[in-house]
Amino acid sequence: MKKKINKKVLILGASSDIGIEILKIYLKNDYSIIAHFSRGNKFFFDFVNKYKSKIKKTKFNFITSYKNIENFFKKKEHLSSDVIINALGYVEQVNYNKLKISDIDKSFKVNLYPGFYVTSRIGEKMAKKKWGRIVHLGSIGVKFGGGMSNLPYSLSKFGLEFFPNNTKKWIKDNVFINTLRVGATNTKLHKNLPSKNLKKRADLIPAKRMANPKEIAEFVFFIGSEKNTYISHQVLPISGGE
């Protein structure tokens, strides 16, 4: 019997509420995992340490120089990933009429540039191996032009919906790239935003509730695993009907 080769997933933004649920489902399905974090939290560290034989954590803050961002993805352990899940998310509230270029740049450094660069850098290597999955977590906010105080977030996430034409040649090599328009989700990120009225936000959703991190993670796994056999270069909403 041919021995099963376990695949490796690099999860960017693994310490977020959604990121941790993504960690759990890939762990359950016997992937080896590289879990990226910037600051992390107690639950994340406890979970990773509990499964340290299967999960390797890597710390990196993308609000740095462009060269450092490029060097992060040039590491051999990252280049050999079979799956990339880009769950990075940086939100800094600032009113539209007070926006500075530096506010936009910080959002792009976290929410857009890593996803764009990792696709270019590692996608080619996936094609040579004849298999790979890349999933970007975008935002439903791009559909509505962003919020009054978080336009840089939505603007930077919008860039993840652009699939370079060069990447389409990889589809025949079983390398699939997709972006999920993630809707409002019941996470600490939303709860900690002082301007957010979560009840009012949930009422705007046809499903009349926010998503929970686990159901987002389950959809991420479906798109970013062997279960996905034919979907590529699509923007897929998971937003309760918005």
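The values are calculated or read from the model by the stated rules, or taken from the named source; none is laboratory data. This is a predicted model, so every value here is computed, not measured. Note that each Cβ is placed from the backbone with ideal geometry, even for glycine, and that neighbours are counted across all protein chains shown.
Please verify whether the range 119-139 includes one or more residues that are aliphatic (A, V, I, L, M), touching a residue at least 24 places away in the same chain (Cβ under 8 Å), surrounded by 21 or more Cβ atoms within 10 Å (Cβ to Cβ) and part of a helix (DSSP H, G or I). Break it down into steps so the answer makes sense when it comes.
Kept after step one, since they are aliphatic (A, V, I, L, M), are these residues of the range 119-139: 122, 126-127, 134-135, 137.
With the extra rule that they be touching a residue at least 24 places away in the same chain (Cβ under 8 Å), the set shrinks to 122, 126-127, 134-135, 137.
In the following step, the residues that additionally are surrounded by 21 or more Cβ atoms within 10 Å (Cβ to Cβ) were identified as 122, 126, 134-135, 137.
If we keep only those that are part of a helix (DSSP H, G or I) too, we end up with 122, 126.
Scanning the range 119-139, I find at least one residue that is aliphatic (A, V, I, L, M), touching a residue at least 24 places away in the same chain (Cβ under 8 Å), surrounded by 21 or more Cβ atoms within 10 Å (Cβ to Cβ) and part of a helix (DSSP H, G or I), so the answer is yes.
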Exercise for the section: Would you please list the contacts, defined by Cβ atoms under 8 Å and residues six or more apart or on different chains, that run from a residue in the range 5-23 that is over 13 Å from K214 (Cα atoms) to a residue that is of a type in the set (S, T, Y) and buried (at least 24 other Cβ atoms within 10 Å of the Cβ)? Expected result: K8/S81; V9/Y26; V9/S81; L10/S81; I11/Y26
Practice task
Filter the range 193-224 for residues that are touching a residue at least 60 places away in the same chain (Cβ under 8 Å) and either aliphatic (A, V, I, L, M) or surrounded by fewer than 13 Cβ atoms within 10 Å (Cβ to Cβ) (or both) and give the result.
Solution key: L193, P194, S195, I216, A217, V220, I223
Fill in the blank from the handout: Only unsatisfied item for F116, checking (1) more than 24 Å from I22 (Cβ to Cβ); (2) within 12 Å of the chain's Cα centre (by Cα), is (1)
Exercise for the section: Please state which of the following conditions L10 fails to meet, knowing it meets all the rest: (1) farther than 30 Å from S149 by Cα; (2) surrounded by fewer than 20 Cβ atoms within 10 Å (Cβ to Cβ). Expected result: (2)
Exercise for the section: Looking only at the range 225-242, count how many residues are surrounded by fewer than 15 Cβ atoms within 10 Å (Cβ to Cβ) and either at pLDDT below 95 or aromatic (F, W, Y) (or both). Expected result: 2
Completion exercise
Selection over the range 154-168 where residues are surrounded by 17 or more Cβ atoms within 10 Å (Cβ to Cβ) and part of a helix (DSSP H, G or I) yields a count of 8
Practice task
Could you tell me whether any residue of the range 78-91 is part of a helix (DSSP H, G or I), more than 20 Å from F162 (Cα to Cα) and free of Cβ contacts under 8 Å to residues at least 60 places away in the same chain?
Solution key: yes
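I'd like the full set of residues that are of a type in the set (V, I, T) and surrounded by 14 or more Cβ atoms within 10 Å (Cβ to Cβ), limited to the range 79-110.
Initially, the range 79-110 is screened for residues of a type in the set (V, I, T), giving 83-85, 91, 94, 101, 104, 110.
Answer for the range 79-110, where residues must be of a type in the set (V, I, T) and surrounded by 14 or more Cβ atoms within 10 Å (Cβ to Cβ): V83, I84, I85, V91, V94, I104, V110.
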